[in-house]
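Engineer: Pasting a structure below so you can have a look.
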Amino acid sequence: MDAADNIDGLIAGIGFSDEPEVQKLDWGHLAKGRPEGLRLCWVHLSQREEPSRSWVKQKAGIPDIAADALIAEETRPRVQRFDDGVLIVLRGVNLNPGANPEDMVSLRIWIERGFMITVRLRRLLAVQDTLAALEHGFRPADTDELLVHLAERLFRRMEPVIDDLEERIDTVDEEQTASDTQHPTRELQTLRLRTIILRRYILPQRDALRHLTNDPPTWFSRQTLSGLSEAADRVIRYVESLDEIRERAMVIQDTIQNRNSEELNRRLYILSIISAICLPLGLLTGLLGINVAGMPGAETAWAFWAVTLIMILIVGLEVWALKSLKWFK
């Protein structure tokens, strides 16, 4: 029902009357605005299509500020109370094929007693889950119960994404612990970036849900408030998990940098020792290699072996001196 492409903007229209069957609504039912004779009505629209934008602005019967927020190009998670209803903006992970989960999709909601409008820019599987539940017998008593069901599915869809990040950071930690030569820095940077983006959009939803539960409409049931509180707790757990992943990534990054610094210092230390040993030898060979007359031993057959023995003795003295100075063991 929540099709990826919908030329008229109406993705789904659901109505409930006193009959147990679900009534599916089309633009014919919505031509004059809200359908009459229904105890509950849910209209799910695409923001990209002009018919849906015009209907929200002109025939939905909601405040202009709320209508503008529903069809805006960019929004942030928030809750805003009105006299007759509540504007709620939430975000869900992008689980569409080929998309990055951290490229979160907004869901704009207008809810009042017996009437709810949701608007999205891109497909959300949480909405599909709710529509499927309605087709399989789920019958909400009012729109507040429908909201709780939708929010629960929206946040539950985030859990596999968070779990995947935790598994990947565990893998990176194991790899950097076991490896002394190749460190997974690129994967670590990717995880840190994804964590930062997800946290930036999930954290405001915690505050939005808290605001909604602390100052709810009078017609929200106790069960609804309990469900919203549970959803807020779930979001808090996600934020805590993202914070933990980010901190672990920082610790792993510091460990890798310290290891790289130690490795570099060790190599520079070895080069320094080699340079200290070779410096006198280079001075001696350079002195004997100057092309001037009067060089001693130039006509002596055993002079080369004598110089070689002297150089070996110099190396031995240098090694003894460096060990005495405790430059190396």
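Engineer: Specify which residue in the list 242, 232, 275 is farthest towards the positive end of the charge dipole of the stretch 228-285, using unit charges on the beta carbon of Lys, Arg (+1) and Asp, Glu (-1), about the Cα centre.
Structural biologist: In the stretch 228-285, that residue is 275.
Engineer: Also, I was wondering about something else. How large, in percent, is the carbon and sulfur part of the accessible surface of the stretch 193-288 at a probe radius of 1.4 Å?
Structural biologist: Numbers: 3190 of 5730 Å².
Answer for the stretch 193-288 is 56 percent, counting heavy atoms of protein chains only.
Engineer: Something else: Mind jotting down the distance between the C-alpha centroids of the stretch 201-224 and the stretch 85-113, whole Å?
Structural biologist: 16 Å
Engineer: Dividing the convex hull volume of the alpha carbon atoms of the stretch 100-185 by its residue count, what do you get in Å³ per residue?
Structural biologist: Values: hull volume 9.6 nm³, N = 86.
With only Cα atoms used, the stretch 100-185 gives 112 Å³ per residue.
Engineer: At a Förster radius of 41 Å, what calculated FRET efficiency corresponds to the Cβ-Cβ distance of residue 261 and residue 301, to the nearest 0.05?
Structural biologist: Details: r = 52 Å, r/R0 = 1.28.
Result of the calculation: an efficiency of 0.20.
Engineer: Quick one: what are the phi-derived ³J(HN,Hα) couplings along the stretch 44-61, Karplus 6.51/-1.76/1.60 with θ = phi - 60°, whole Hz, x for glycine and proline?
Structural biologist: Listing the rounded values in order: 10, 10, 9, 5, 6, 9, 4, x, 5, 5, 5, 5, 5, 6, 10, 10, 6, x Hz.
Engineer: When N is the residue count of the stretch 1-157, what does its C-alpha Rg come to as a fraction of 2.2 N^0.38 Å? If you can, show how the numbers build up before the last one.
Structural biologist: On the way: Rg = 14.4 Å, N = 157, 2.2 N^0.38 = 15.0 Å.
Relative to the rule-of-thumb radius for its length, the stretch 1-157 sits at 0.96.
Engineer: Continuing with this model, one more query. Quantify, in whole percent, the carbon and sulfur part of the accessible surface of the stretch 1-158 (1.4 Å probe; protein heavy atoms only). Intermediate results must be reported in sequence, preceding the final value.
Structural biologist: Numbers: 3160 of 6890 Å².
Solvent-exposed carbon and sulfur of the stretch 1-158 make up 46 percent of the total.
Engineer: Treating cross-link reach as a plain straight distance, find the lysines whose alpha-carbon is under 28 Å from the alpha-carbon of residue 32, omitting any fewer than eight places away in the same chain.
Structural biologist: Reachable lysines: 24, 57, 59.
Engineer: Rank 34, 120, 108 by mean-square fluctuation in a GNM of the chain with C-alpha springs under 10 angstrom and give only the top-ranked residue.
Structural biologist: Maximum among the listed residues: 34.
Engineer: Please work out, to two decimal places, the log10 of the ratio I(q)/I(0) at q = 0.13, 0.15, 0.25 Å⁻¹ from a Debye calculation in which every Cα of the stretch 245-312 carries one identical scatterer.
Structural biologist: These q points yield log10 I(q)/I(0) values of -0.59, -0.67, -1.06.
Engineer: Counting C-alpha atoms alone, how compact is the stretch 138-279: give Rg to one decimal and Dmax as a whole number, in angstrom.
Structural biologist: Over the stretch 138-279's Cα set, Rg and Dmax evaluate to 23.8, 89 Å.
Engineer: Please list 118, 177, 171 from largest to smallest accessible area, probe radius 1.4 Å, with all protein chains kept in place.
Structural biologist: Output order, biggest surface exposure first: 177, 171, 118.
Engineer: Kindly provide the helix-only [θ] at 222 nm of the chain, computed as the sum of -39,500 (n - 2.57) over DSSP H runs of four or more divided by all residues, to the nearest 500 deg cm²/dmol? Please report the intermediate quantities before stating the final value.
Structural biologist: Details: 8 runs with 180 residues, N = 329.
Using -39500 (n - 2.57) per qualifying helix, the result is -19000 deg cm²/dmol.
Engineer: Given the stretch 140-216, report the % of alpha carbon pairs whose separation exceeds 15 Å. Before the final figure, lay out each step's value.
Structural biologist: Values: 2019 of 2926 pairs.
Of all Cα-Cα distances in the stretch 140-216, 69 percent exceed 15 Å.
Engineer: Can you compute the charge dipole magnitude of the stretch 1-83 about its Cα centre, using +1 on each Lys and Arg Cβ and -1 on each Asp and Glu Cβ, nothing else charged? Give it in debye, rounded to the nearest 20.
Structural biologist: On the way: 11 positive and 15 negative charges, 61 e Å.
Dipole size: approximately 300 debye.
Engineer: P(r) for the chain, please, calculated from all Cα pair distances in 20 Å bins and given in %.
Structural biologist: 25, 34, 15, 11, 11, 3, 0
Engineer: Tell me, rounded to the nearest percent, the portion of alpha carbon pairs in the stretch 27-118 spaced more than 22 Å apart. List each step's numbers first, then the result.
Structural biologist: Numbers: 1230 of 4186 pairs.
Tail fraction, whole percent: 29.
Engineer: How much accessible area per residue does the chain have, counting only protein heavy atoms and a probe of 1.4 Å, in square angstrom?
Structural biologist: Values: 18390 Å² over 329 residues.
Per residue, the chain has an accessible area of 56 Å².
Engineer: At a temperature of 25 °C and a viscosity of 0.890 mPa s, determine how fast the stretch 73-140 diffuses translationally according to Stokes-Einstein, using the Kirkwood radius over alpha-carbon pairs as Rh; express D in µm²/s, rounded to the nearest whole number.
Structural biologist: On the way: Rh = 13.3 Å.
Using the Kirkwood radius from Cα pairs, D works out to 184 µm²/s.
Engineer: Now for a different question. Given bins 5 angstrom wide, list per bin the percent of all Cα-Cα distances in the stretch 191-269, short to long.
Structural biologist: The percentages, shortest bin first, are 3, 14, 16, 14, 11, 9, 9, 6, 5, 4, 3, 3, 2, 1, 0.
The values are calculated or read from the model by the stated rules, or taken from the named source; none is laboratory data. Note that the structure is predicted; figures quoted are calculated from it, not measured. Note: ideal-geometry Cβ built from the backbone for every residue, glycine included; neighbour counts use all protein chains shown. Heads up: the accessible areas ignore ligands, DNA and RNA and are worked out on the full protein's heavy atoms, side chains in. Shrake-Rupley method; radii C 1.70, N 1.55, O 1.52, S 1.80 Å.
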